[in-house]
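The structure under discussion appears below in the form of structure tokens.
The values are calculated or read from the model by the stated rules, or taken from the named source; none is laboratory data. Model, not experiment: these values are computed from the prediction. In this analysis, Cβ positions are derived from the backbone assuming ideal geometry, glycine residues included, and neighbour counts consider all displayed protein chains.
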Amino acid sequence: MVFGLIWKRFSSILVIMLQSQLFTKTRREAPKDEESVNAQLLIRAGFIDKTMAGVYSFLPLGLRVLRKIENIIREEMEAVGGQEILMPALQPKANWEKTGRWGKMEDLFRFTSYYTKTDYALGPTHEEIVSPLLKKFIFSYKDLPVYVFQIQDKFRDEARAKSGLLRGREFVMKDLYSFHKDEKDLGKYYETVKTAYFKVFERLGFGNLTYLTFASGGTFSKYSHEFQTLSDAGEDTIYICDKCRVAVNKEIIKEQKVCPECGSENLKEEKAIEVGNIFKLNTKYSEPFDLKYRDEDGEEKEIYMGCYGIGPNRLMGTAVEVSHDDKGIIWPESISPFKIHLLNLGKDAEKEKCDQLYYNLQKIGMDVLYDDRIEAGPGEKLVDSDLMGIPWRLIISEKTQDKIEVKRRGEKEIKLASEKELAKILQ
């Protein structure tokens with residue numbers, strides 16, 4: 001059966017991804033204005049494109065990665081009771097004045113409407129929106145607790161956008177907000193989210209490199225917590241207690257040079273990327289909006305809040321920083337744009353075999369990018385495959401005869417397998 005017939009018959013149910021149809025192209029050289037590894041490799045591999053400093057377009061392959069990261073986060077937030085919503089990025093000045101942050105937040109994008117002369121902010125965070133929103137729905141203790149989250153673009157007027165996807169002026173953020181009747185209930189859920197975050201990082205492939213890190217709670221509480229992933233590309237310095245497997249950030253270490261958990265002074269300094277943070281807001285953002293509920297005795301009480309942030313595009317950049325080599329990206333299977341990169345390095349006879357294998361793999365649910373390009377030579381296809389970093393590379397060529405060459409990205413071992421054996425290897 002030729003591929004044209006396969007496509008015609010099954011295109012309604014299969015994801016057809018032929019590399020010859022991708023409008024994007026790989027680049028041999030890294031862009032000169034990018035210093036970070038994540039930006040260099042993602043741009044070279046055709047995953048993202050730089051619009052301006054701190055602002056990127058996500059191209060077809062990059063968007064597939066981003067969506068997979070978002071879906072992992074979404075699943076874990078729903079597992080702890082989160083209900084997904086979508087709030088506006090455009091926010092009224094009046095709400096920010098109520099919390100006192102309109103004139104105090106340095107990286108807040110502010111502008112005035114040309115037509116109405118009204119002042120607005122582009123949302124860097126959403127406490128000023130979610131608190132008055134939930135005021136319309138929470139009245140009694142019976143309405144609590146409530147957990148809502150969104151995955152949405154955020155905007156911050158960074159003085160110096162840098163590090164590729166790790167620090168941008170426009171970026172994607174998952175923010176979860178929780179609403180509770182008292183501090184005890186907030187504390188209980190706070191611990192639940194801690195666990196959920198580590199599940200996210202484990203699924204992304206760098207849970208073993210990520211530490212719960214004590215940070216300043218500011219005006220909210222004694223501590224907040226960051227999640228820091230070890231990497232030389234990190235902007236943060238943390239101090240690790242191996243005994244407790246927690247860390248302390250630089251801000252805290254200036255005040256207390258011991259582990260907050262066990263009191264140990266034996267802390268190890270490391271560079272790390274902040275990949276998430278959680279705060280007990282308490283009543284900081286319920287008070288300005290008079291967000292209250294009536295308890296069992298009919299008495300009005302203030303609602304306690306928590307907020308929990310994670311940046312999907314920052315996680316994408318982190319994945320590249322912690323998993324790459326001199327040839328390109330090495331994606332963890334959970335977020336790779338495809339599980340398999342199928343390369344035809346032969347001629348007409350091999351093309352028919354590749355077409356059939358592509359169909360067979362998709363039929364059993366495998367996610368495949370098929371490099372069917374005619375104009376690209378074997379060397380170019382192999383270089384591009386390493387650069388893109390898809391976990392499994394399959395090759396059909398004149399040399400493989402009736403077998404398939406199988407190689408896992410990042411490993412040296414190459415196997416020759418029959419199609420029957422291949423299914424077992426990939427599973």
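Go through the range 103-136 and give me each residue that's among the small types (G, A, S) and assigned to a helix (DSSP H, G or I). Result: S131, single match.
When you check E97 against the structure, is it surrounded by fewer than 19 Cβ atoms within 10 Å (Cβ to Cβ), closer than 22 Å to R156 by Cα, in the same structural domain as P145 (by TED's automatic domain parsing) and at pLDDT below 95, yes or no? No; evaluated as a whole, the condition is false for this residue.
In the range 38-72, of all residues being in contact with a Phe, Trp or Tyr (Cβ under 6 Å, 6 or more places away or on another chain) and in contact (Cβ under 8 Å) with a residue 40 or more places away in the chain, the one that is farthest from T26 (Cα to Cα) corresponds to L66. Residues in the range 359-370 that are over 14 Å from R409 (Cβ atoms) and at pLDDT 95 or above: V368, Y370.
Out of T99, T125, T112, one residue alone is without any contact (Cβ under 8 Å) to a residue 24 or more places away in the chain, over 30 Å from G46 (Cβ atoms) and β-branched (V, I, T). It is T112. Pick from the range 198-235 the residues that are farther than 24 Å from K162 by Cβ and β-branched (V, I, T): which of them is surrounded by the fewest Cβ atoms within 10 Å (Cβ to Cβ)? Within the range 198-235, the match that is surrounded by the fewest Cβ atoms within 10 Å (Cβ to Cβ) is T219.
Listed by position, the strands (runs of 3 or more DSSP E) contained in the range 267-324 that have at least 1 residues being free of Cβ contacts under 8 Å to residues at least 40 places away in the same chain, outside the structural domain of E75 (by TED's automatic domain parsing) and over 16 Å from the mean Cα position of the chain (by Cα) form an empty set.
Against the conditions (1) under 16 Å from the mean Cα position of the chain (by Cα); (2) at positive phi, F198 satisfies every one except (2).
Filter the range 159-188 for residues that are assigned to a helix (DSSP H, G or I) and basic (K, R) and give the result. Answer for the range 159-188, where residues must be assigned to a helix (DSSP H, G or I) and basic (K, R): K184, K188. Condition first: surrounded by fewer than 19 Cβ atoms within 10 Å (Cβ to Cβ) and in a loop (DSSP other than H, G, I, E, B). Can you find one or more residues in the range 377-386 that meet it? Yes - at least one qualifying residue is present in the range 377-386. The conditions of being out of contact with any strand residue (DSSP E or B) (no Cβ under 8 Å at 6 or more places or on another chain), farther than 16 Å from G205 by Cβ and surrounded by fewer than 18 Cβ atoms within 10 Å (Cβ to Cβ) are not met by D325. When L361, L416, L426 are checked against the criterion of being of a type in the set (A, V, I, L, M), surrounded by 12 or more Cβ atoms within 10 Å (Cβ to Cβ) and under 17 Å from W331 (Cβ atoms), L426 stands alone in meeting it.
When K407, K403, K399 are checked against the criterion of being farther than 30 Å from K271 by Cα and either of a type in the set (A, V, I, L, M, F, W, C) or surrounded by fewer than 16 Cβ atoms within 10 Å (Cβ to Cβ) (or both), K399 stands alone in meeting it. Applying a threshold of 6 Å to beta carbon distances and a minimum spacing of six or more residues, or different chains, the list of pairs starting in the range 216-240 at a residue that is touching a residue at least 12 places away in the same chain (Cβ under 8 Å) and ending at one that is part of a loop (DSSP other than H, G, I, E, B) reads F220/K284; Y223/G217; S224/G217; T229/F206; Y239/L267. What number of residues in the range 325-370 are in a strand (DSSP E or B) and not acidic (D, E)? Residues that pass the stated criteria total 10.
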